[in-house]
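Every number here is computed from the coordinates shown, using simple stated rules; none is lab data. Note that the structure is predicted; figures quoted are calculated from it, not measured. Reconstructed Cβ throughout: ideal geometry from the backbone, glycine too, with neighbour counts over all protein chains shown.
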Amino acid sequence: MDLSRIEKIEIPFEQLLPDECYLVGGTIRDALLGFDPIDFDIVVPKDAIGLALRIRREIEDSRLVILSKEDDEVRLVFSTGEWLDITSFRAETIEEDLKLRDFTINSLAVPIRDRSKLLDPTGGLIDLQKRLLRAYSPRNLESDPLRILRAFRFVSTIEFDIEDETFKWIKERADSVMKAAPERIRYELFRLFNGEAVSKAVRLMAQSGVLFALFPPLKEQLDLKQRYIVEQNVFEHTMLVIEFLEKLIKEVIELRGVMGKYHHRLFPYLADRRFRFAFYLGALLHDVAKPRTIFYDEEGRTHFHGHDKLGAQIAAELAERLRLSNYEKDIVTLMVAAHMHPHLLAREKDVTMRALNRYLRRTGDLAFPLILFTVADALATPPIGKGAEGQLRLAEKLEKLLREKEKKPKKRLVTGH
């Protein structure tokens, strides 16, 4: 690992920082992983807020946000899009302070005036090389339960594995994650669902119990089986949907696969981080009401009439609890409420223009993304990886309709002339 990358970090307005401060945490981690940091973690012996106020007076085009008066933690945001997070020591020495941080890979520091002196009291550099998430002790997770969720965010965003003992500690404390503020939970989920290994992170969350602490109704799926052609566990189906959706999203972005040719319809949404967060969340919750709506016909097959409508209500309640924005909540609830609509259209070989227009009116901007989701939903239903022909046929028909609509000249507004 190239330690010289630490010396190349360009801290904004570094000349205004005192000699006795340290560059720490995620800034060093990201630099060693080859990323260009835009946020810079600075630790000073004392009076972090006072230091930030002095820097703020020197830089007109900056904004100061006090993150915690109690912990003497403050953020300076600059017009460049970069920011400094400045915090005072939480222990007598910098080494003891580093031992209090969430994971060893974030427990690295260098004196700001001598970047060659790497401080690593917890073995974080070795864990960074192994791409391993390890907590120094259980107390590191207990001091801030949000760190439990952050572990899975790192699984998704930097594609690290969780060390076995740390995973055991997380599993034992899974329910405590709900002690964190909803806004902070939403932020970690937002980052997680915008990562590169979403399905892996979500599966690990389920194995640890954290997923069910955050979304209790999903636990009801664990022992529920649905029977169509063959029997399938409902929760396993949900996990497979996330896996197939992740694969399809990557294919669309890379202009390949069965939905890659609709890049022009899908990419503007998938490139929007708020949309992608809500899109994955809607996929996770699409069958949330199946356990409460199940019944069996005379042949033993399962039916879930009304699970879309009830599911949308449950999803709305969960969205409120996590303080999602109205935009995010609307996407999640519409996905759950309308996810059966494309499936029903996909069963018809000759979908009428009237039916397609009705679908467009109901789903609006979500029309094509919802078909992408239903392709994943179909692929996640036995026979696994097959059976999406109807959904793909629907995508072709919708594309044809939209092209025809785009060719038609728009009516001129009456101007009075």
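Net charge dipole, the range 123-278: roughly 420 debye, given to the nearest 20, about the Cα centre with Cβ charges of +1 for Lys and Arg and -1 for Asp and Glu.
Compared with the dominant Cα axis of the chain, that is its longest principal axis, helix 234-253 is turned about 80°.
Here is how the number arises for the chain: DSSP H runs of 4 or more residues each give -39500 (n - 2.57), the sum is divided by the residue count, and the result at 222 nm is -15000 deg cm²/dmol. Expressed as a whole number of Å, what is the distance separating the alpha-carbon centroids of the range 82-120 and the range 222-296? When both Cα centres are located, 40 Å separates them. Looking at the range 2-54, which GluC sites (Glu not before Pro) are in a loop (DSSP not H, G, I, E or B) and have at most 14 other Cβ atoms within 10 Å? Loop-located and lightly packed - GLU10, GLU20.
In degrees, nearest 10, range 0 to 90: what is the angle between the Cα axis of helix 326-338 and the longest Cα principal axis of the chain? Tilt of helix 326-338: around 30 degrees.
Send over the per residue convex hull volume for the range 88-229, Cα only, as a whole number of Å³.
With only Cα atoms used, the range 88-229 gives 143 Å³ per residue.
Counting neighbouring beta carbons within 10 Å and listing from fewest to most, the residues SER137, SER62, SER107 come out as SER137, SER62, SER107. Normalised by residue count, the chain yields a Cα convex hull volume of 189 Å³ per residue.
Roughly speaking, what % of Cα-Cα pairs in the range 219-407 are separated by over 31 Å, rounded to a whole number?
Value for the range 219-407: 14 percent of Cα pairs lie more than 31 Å apart.
A dipole drawn for the chain from +1 and -1 charges on Cβ atoms has a positive end, and of ILE148, GLY195, CYS21 the residue lying farthest that way is GLY195.
Quickly rank 387-393, 230-236, 299-305 as a protection proxy: mean count of other C-beta atoms within 10 Å, highest first.
Numbers: 387-393: 17.9, 230-236: 16.3, 299-305: 12.9.
Packing order, densest peptide first, comes out as 387-393, 230-236, 299-305.
With only the Cα atoms considered, the range 1-130 has a convex hull volume of 96 Å³ per residue.
In the range 295-354, a dipole from Cβ-located charges (positive for Lys and Arg, negative for Asp and Glu) runs towards its positive end, and of LEU318, ALA346, TYR296 it is LEU318 whose Cα lies farthest in that direction.
Quote the charge dipole size of the range 1-130 about the Cα centre in Debye, to the nearest 20; the model charges only the Cβ of Lys and Arg (+1) and of Asp and Glu (-1).
Details: 17 positive and 28 negative charges, 8 e Å.
Using only the charged Cβ atoms, the result is roughly 40 debye.
Taking other Cβ within 10 Å of each residue's Cβ, how do SER116, SER176 sort, fewest first?
Values: SER116 10, SER176 17.
Ascending Cβ contact count within 10 Å gives the list SER116, SER176.
In the range 219-407, a dipole from Cβ-located charges (positive for Lys and Arg, negative for Asp and Glu) runs towards its positive end, and of ALA388, ILE371, HIS307 it is ILE371 whose Cα lies farthest in that direction. Of interest is the spacing of the C-alpha centroids, which for the range 357-390 and the range 1-57 amounts to 46 Å.
Based only on other Cβ atoms within 10 Å, what is the fewest-to-most ordering of THR293, THR374, THR381, THR352? It would help to have the intermediate numbers written out before the result.
Working: THR293 17, THR374 27, THR381 22, THR352 11.
So the residues, fewest neighbours to most, are THR352, THR293, THR381, THR374.
For the chain, find the longest principal axis of its Cα atoms and tell me its angle to the long axis of helix 182-192, 0 to 90°, nearest 10. With rounding to tens, the tilt is 80 degrees.
From Cα pairs below 8 angstrom and at least 6 apart in sequence, can you work out the relative contact order of the range 132-214, rounded to a whole percent? Walk me through the numbers on the way to the answer.
Working: 101 pairs, mean separation 32.8, N = 83.
That works out to 39 percent.
Counting every pair of alpha carbons in the range 132-214, the share spaced more than 23 Å apart comes to 8 percent.
By DSSP, what percent of the beta bridges with both residues in the range 1-130 are antiparallel, rounded to the nearest 5? Could you put the intermediate results ahead of the total?
Values: 18 of 24 bridges.
Beta bridges within the range 1-130, antiparallel portion: roughly 75 percent.
Multiplying the residue separation of LYS46 and ARG113 by 0.36 nm and subtracting their alpha-carbon distance yields 22.4 nm.
Only Lys, Arg, Asp and Glu count, each charged at its Cβ (+1, +1, -1, -1), so figure out the dipole size of the chain about its Cα centre, rounded to 20 debye.
Computed charge dipole of the chain: roughly 2320 debye.
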